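Report on one structure; see the data block that follows.
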Amino acid sequence: MKVLSSSEETYRLVDQMRMEGKRIGLVPTMGALHEGHLSLVQRAKQQCDMAIATIFVNPSQFGPNEDFQKYPRTLQNDLNLLADKGCDLVFTPTNAQMYPQGHSTFIEPPSVAEAWEGPIRPGHFRGVATIVLKLFQILPAHVGYFGRKDYQQVAVIRAMCRDLNLPIAIEACQTVRESDGLAMSSRNRYLSPSERQRALGLFRALEAAEKLIQEGCISGRQVEQAMRKELETSLVDSIDYAAIVHPDTLESIETIDSEVVGIIAARLGATRLIDNATFRLT
């Protein structure tokens, strides 16, 4: 496995691989890797000739009161995990490389960024869209692999690629969960034992929504109320949202007549967790 930090050297290598006819799969990450990230690398290995990961804790997607400074940085362990999975190349740039002195260009995110995470985390998707576009430029891959746990983020990246005519396919891979249902997240390590147990409320809320819809409930508001009730029963500290939305536009759904997505954001102590699931009427 090759590890590079120079954007110029990385571009030349990936460009050479493309000229040789190799299909390139890219997995952008912020490190602190878990099985969810590694499953994306495995998918890239299955579908492409070259699997490339990036590790960069992107400062522009953190708000002033968010956890940029304490975000876990476990580079050597991450590299060991990626090597074990057969990753071919890892790009590990510095802040100075990605945002050199005088950097002032940012991407205005698409309209799908305006709700839910958008107003709660001002500037977050501007930072996400900017860094992802920069990575796509440095590593001109054929396919970008992202986890469905960050559902709105994937929607933002898809829309950006469509709107800017970027020649890369975006594949959203299923959320990887712990044995008890908790969605894997780098932030789970912040949870105390008590918070870890209460965090299961997110998964149980999605299970409650699925049960209600499978029983024939078509009221989006009723399903949302059931989700909130489960979150409150699980004693999460606060609920940012628990909503039933359209899978593409993320607009709220009043009447369920096709596939919908349940999205949740809740807080346990100082940790904020998100989760989602797709539901279909039976």
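Any read-out appearing in this document is the output of simple, stated calculations on the displayed coordinates, not a laboratory observation. This is a predicted model, so every value here is computed, not measured. Every residue, glycine among them, receives a Cβ derived from its backbone with ideal geometry; neighbour counts consider all protein chains shown.
Restricting to DSSP loop positions (anything but H, G, I, E, B) with no more than 16 other Cβ atoms inside 10 Å of their own Cβ, which GluC sites (Glu not before Pro) remain in the range 176-282? Intermediate values should be presented prior to the final figure.
Values: sites: GLU178, GLU195, GLU207, GLU210, GLU215, GLU224, GLU230, GLU232, GLU251, GLU254, GLU259; in loops: GLU178, GLU215, GLU251, GLU254, GLU259.
Within the range 176-282, the qualifying GluC sites (Glu not before Pro) (loop, at most 16 other Cβ atoms within 10 Å) are GLU178, GLU215, GLU251, GLU254, GLU259.
Dividing the convex hull volume of the alpha carbon atoms of the chain by its residue count, what do you get in Å³ per residue? Display every interim value, and only then the final one.
Numbers: hull volume 38.4 nm³, N = 282.
Spread over its residues, the Cα hull of the chain gives 136 Å³ apiece.
So who's got an amide H within less than 5 Å of the one on ARG177, skipping anything under 5 residues away but keeping other chains? H placed 1.01 Å off N, in plane.
Amide H neighbours of ARG177, under 5 Å, 5+ apart: MET184.
Give the Rg/Rh ratio for the range 109-202, taking Rg as the radius of gyration of the Cα atoms and Rh as the Kirkwood radius, to two decimals.
Radius of gyration over Kirkwood radius for the range 109-202 works out to 1.03.
How compact and how long is the range 144-282, expressed as Rg and Dmax of its alpha-carbon atoms in Å?
My reading of the Cα-based Rg and Dmax gives 15.4, 46 Å.
Using the Cα centre as the reference, give the magnitude of the dipole from point charges on the C-beta atoms of the chain (Lys, Arg: +1; Asp, Glu: -1; all else neutral), rounded to the nearest 20 debye. Please list the in-between numbers first.
Numbers: 30 positive and 34 negative charges, 116 e Å.
Using Cβ point charges on Lys, Arg, Asp and Glu, the chain gives about 560 debye.
Tell me, what HN-Hα J-couplings in whole Hz come from the Karplus equation 6.51 cos²θ - 1.76 cosθ + 1.60 at θ = phi - 60° for each residue of the range 31-42, using x for Gly and Pro?
Ordered by residue, 3J(HN,Hα) equals x, 6, 6, 9, 4, x, 4, 5, 5, 5, 5, 4 Hz.
Can you work out ³J(HN,Hα) from phi for every residue in the range 244-260, in order, using Karplus 6.51 cos²θ - 1.76 cosθ + 1.60 and θ = phi - 60°, giving whole Hz and x for Gly and Pro?
10, 9, 5, x, 9, 8, 6, 6, 4, 10, 7, 10, 7, 10, 7, 5, 9
Please check: in the Gaussian network model of the chain (C-alpha springs, under 10 Å), which one of LEU182, LEU40, LEU13 has the largest mean-square fluctuation.
Of the options given, LEU13 has the highest mean-square fluctuation.
Please list, in order along the range 266-271, the HN-Hα scalar couplings obtained from phi with the Karplus expression 6.51 cos²θ - 1.76 cosθ + 1.60 (θ = phi - 60°), rounded to whole Hz, x for Gly and Pro.
9, 10, 10, x, 8, 9
Among LYS22/LYS45; LYS22/LYS134; LYS85/LYS149; LYS22/LYS149, which pairs are too far apart, with a Cα-Cα distance over 18 Å?
Details: LYS22/LYS45 12 Å; LYS22/LYS134 21 Å; LYS85/LYS149 21 Å; LYS22/LYS149 29 Å.
Long pairs (Cα-Cα over 18 Å): LYS22/LYS134; LYS85/LYS149; LYS22/LYS149.
Of SER219, GLN101, LEU191, which is farthest along the charge dipole of the chain in the positive direction, counting Lys and Arg as +1 and Asp and Glu as -1 at C-beta?
Ranked along the dipole, the leading option is GLN101.
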